[in-house]
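The values are calculated or read from the model by the stated rules, or taken from the named source; none is laboratory data. Bear in mind that the values here come from a model prediction, so they are computed numbers and not experimental data. Cβ placement follows ideal geometry from the backbone for every residue including glycine, while neighbour counts extend to all protein chains displayed.
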Amino acid sequence: MNILIIGNGFDIAHELNTRYSDFLESYKSKNPIITNLWIEYFIRQQKKIAGNKWMDLENEIYNFIGSLKNKIDILKSWKNNDPSTVILCNFVTRIPEKNLKDCFKNTDMLNDALKRPSNINNPYKNNDNNNKNQLSLLDHLNFKQICKDDLPSDTVVTLEKGYVINLNQNFSYPTQCLFNDHIDFIKFLYDELRIFVYEFNKYLNNKVIVEIKKLKQHGIQKFKLGIPYDKTLKIINFNYTNTLEQLYNQSKSPKPEYIYIHGKLQDPVRDNLYQNSNKYSDINLVLGTESFSYKANVDRAQPIDIHFNIFQKHNQRHLYGTITAYQKLLISLKKEMKKNDFKFHILGHSLDRSDHNILKYILLPNTDYPIIIYYHNPESHERLITNITEILGEEEVMRRVQFIDQHDPKRGILLK
């Protein structure tokens with residue numbers, strides 16, 4: 001029996017624009033005013049690492065959450081000292097200069113806010129990366145505490161149901177939010193992340209799925225898999241797309257079993273999406289960070305507020321139901337292990353830490369079976385050695401793992 005594990009490198013080998021950087025470029029070109037917090041943050045981070053170079057989005061999410069610790073502590077202290085306090089958050093770079101005076105208590109804060117990029121509605125256009133006045137995302141999240149009793153009664157009623165977006169009706173995009181407490185603020189951050197996932201899902205449907213259909217029409221395949229494509233094959237897909245399923249599913253025999261670890265790309269019509277009042281809640285794709293506890297143990301990272309746990313992939317897999325197929329897979333592997341020989345093939349997956357636990361429980365219990373890992377260049381080869389050693393340990397890697405250059409004319413699997 002063969003177990004094929006694939007990651008985004010599989011799609012990239014088919015020249016599909018599935019990188020997050022591809023999506024960000026597309027979104028930026030079509031939206032002169034960028035209103036989503038995370039899209040804004042990721043575009044800034046992408047610029048820092050120069051163009052289309054690979055960005056570890058999951059690590060960027062974690063780093064941003066970690067950088068909020070001091071702000072979260074301040075928000076907690078405000079509420080603890082005065083339970084009647086609510087929190088006003090101003091998005092500085094989105095507020096025209098003439099309206100800024102209403103957002104700040106003193107002249108110094110206002111002057112700091114004015115030291116921002118001149119392109120308020122699109123802070124990425126013609127900006128110099130070395131500009132000292134370039135605001136970070138945290139700089140333009142300006143908080144101040146106000147008394148709940150000073151709010152209009154209709155605002156108080158709305159606030160009791162959750163945070164309030166866009167108090168200033170002069171703008172069509174969010175410039176201000178009102179939060180009951182730091183928990184409300186964290187919920188807002190997560191809702192913003194789900195809007196990012198919604199936009200990414202839409203991008204994949206509108207662009208990448210069209211590209212996959214064209215490849216299928218022309219019978220284009222990039223890999224010679226070299227393993228039977230039938231019911232004896234289990235495919236563990238860490239992508240949202242169904243590229244392999246579409247392009248290599250040509251046999252009339254019973255089909256392989258597919259497990260989509262992070263959820264499968266959803267089509268709005270096919271999957272009857274957006275029927276809820278909150279259309280973003282219909283998207284079940286997993287996008288988050290590795291375990292905070294793992295970070296704390298390995299990197300000695302600062303403890304993260306428990307309300308951020310929803311940002312972990314672990315929590316999202318359970319929340320959106322993608323863990324069920326994985327759990328069934330573990331049970332079936334345990335049964336099959338007694339009857340059949342296994343071989344694991346890993347193709348286009350970076351083996352990064354956010355997926356270590358998922359991979360560990362697939363690979364470690366089956367200690368008698370070989371693992372073949374395909375790499376595409378020397379840099380990825382080194383990185384894969386390091387990452388698989390973190391998962392299995394040196395002894396298991398020496399005993400079981402074989403690395404093959406996917407371009408190798410004799411042993412590789414990439415077609416010319």
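Residues of region 209-232 that are within 25 Å of residue 323 (Cα to Cα) and either in a helix (DSSP H, G or I) or within 28 Å of the chain's Cα centre (by Cα) (or both): 209 alone.
For the condition outside the structural domain of residue 286 (by TED's automatic domain parsing), of a type in the set (A, V, I, L, M) and at pLDDT below 90, residue 364 does not qualify.
A quick yes/no check of all residues on (1) part of a loop (DSSP other than H, G, I, E, B); (2) of a type in the set (A, V, I, L, M); (3) at pLDDT 60 or above; (4) closer than 28 Å to residue 155 by Cα:
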| residue | (1), (2), (3), (4) |
| --- | --- |
| 44 | no, no, yes, no |
| 66 | no, no, yes, no |
| 89 | no, no, yes, yes |
| 93 | no, no, no, yes |
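Taking residue 350, is it surrounded by 16 or more Cβ atoms within 10 Å (Cβ to Cβ) and at pLDDT below 90? Show your work before the answer.
Numbers: surrounded by 16 or more Cβ atoms within 10 Å (Cβ to Cβ): yes; at pLDDT below 90: no.
It is false that residue 350 is surrounded by 16 or more Cβ atoms within 10 Å (Cβ to Cβ) and at pLDDT below 90.
Test residue 358 against the criterion of being modelled with pLDDT of 85 or more, in a helix (DSSP H, G or I) and touching a Phe, Trp or Tyr at 6+ places or on another chain (Cβ under 6 Å), and give yes or no. Write out each step before concluding.
Details: modelled with pLDDT of 85 or more: yes; in a helix (DSSP H, G or I): yes; touching a Phe, Trp or Tyr at 6+ places or on another chain (Cβ under 6 Å): no.
Criteria not met by residue 358.
Taking the condition assigned by TED's automatic domain parsing to the domain that holds residue 331 and in contact with a helix residue (DSSP H, G or I) (Cβ under 7 Å, 6 or more places away or on another chain), does residue 227 pass?
Values: assigned by TED's automatic domain parsing to the domain that holds residue 331: yes; in contact with a helix residue (DSSP H, G or I) (Cβ under 7 Å, 6 or more places away or on another chain): no.
No.
Cβ separations smaller than 8 Å between residues 6+ apart or across chains give the following pairs from region 368-386 residues that are more than 22 Å from residue 410 (Cβ to Cβ) to residues that are in a helix (DSSP H, G or I) and basic (Lys, Arg): 369/400. Filtering region 68-87 to residues that are within 25 Å of the chain's Cα centre (by Cα) and either part of a loop (DSSP other than H, G, I, E, B) or modelled with pLDDT under 90 (or both) leaves 68, 69, 70, 71.
Condition first: under 22 Å from residue 176 (Cβ atoms) and free of Cβ contacts under 8 Å to residues at least 24 places away in the same chain. Now tell me which residues in region 1-44 satisfy that.
First pass over region 1-44, keeping only residues under 22 Å from residue 176 (Cβ atoms): 31-41, 43-44.
Listed by number, the list holds a single entry, 31.
Scanning region 240-276 for residues being modelled with pLDDT of 90 or more and of a type in the set (Ser, Thr, Tyr) gives a total of 5.
For region 334-352, a tally of residues being hydrophobic (A, V, I, L, M, F, W, C) and assigned to a strand (DSSP E or B) returns 3.
So, residue 371, is that one surrounded by 20 or more Cβ atoms within 10 Å (Cβ to Cβ), among the aliphatic types (A, V, I, L, M) and at pLDDT below 90 or not? Lay out the reasoning, then the answer.
Working: surrounded by 20 or more Cβ atoms within 10 Å (Cβ to Cβ): yes; among the aliphatic types (A, V, I, L, M): yes; at pLDDT below 90: no.
When the stated conditions are applied, residue 371 does not pass them.
Are any of the residues in region 278-288 surrounded by fewer than 16 Cβ atoms within 10 Å (Cβ to Cβ), of a type in the set (D, E, K, R), assigned to a helix (DSSP H, G or I) and at pLDDT below 95? Checked region 278-288: at least one residue is surrounded by fewer than 16 Cβ atoms within 10 Å (Cβ to Cβ), of a type in the set (D, E, K, R), assigned to a helix (DSSP H, G or I) and at pLDDT below 95. Are any of the residues in region 395-408 exposed (fewer than 12 other Cβ atoms within 10 Å of the Cβ), under 22 Å from residue 1 (Cβ atoms) and touching a Pro at 6+ places or on another chain (Cβ under 7 Å)? Yes, that holds for at least one residue.
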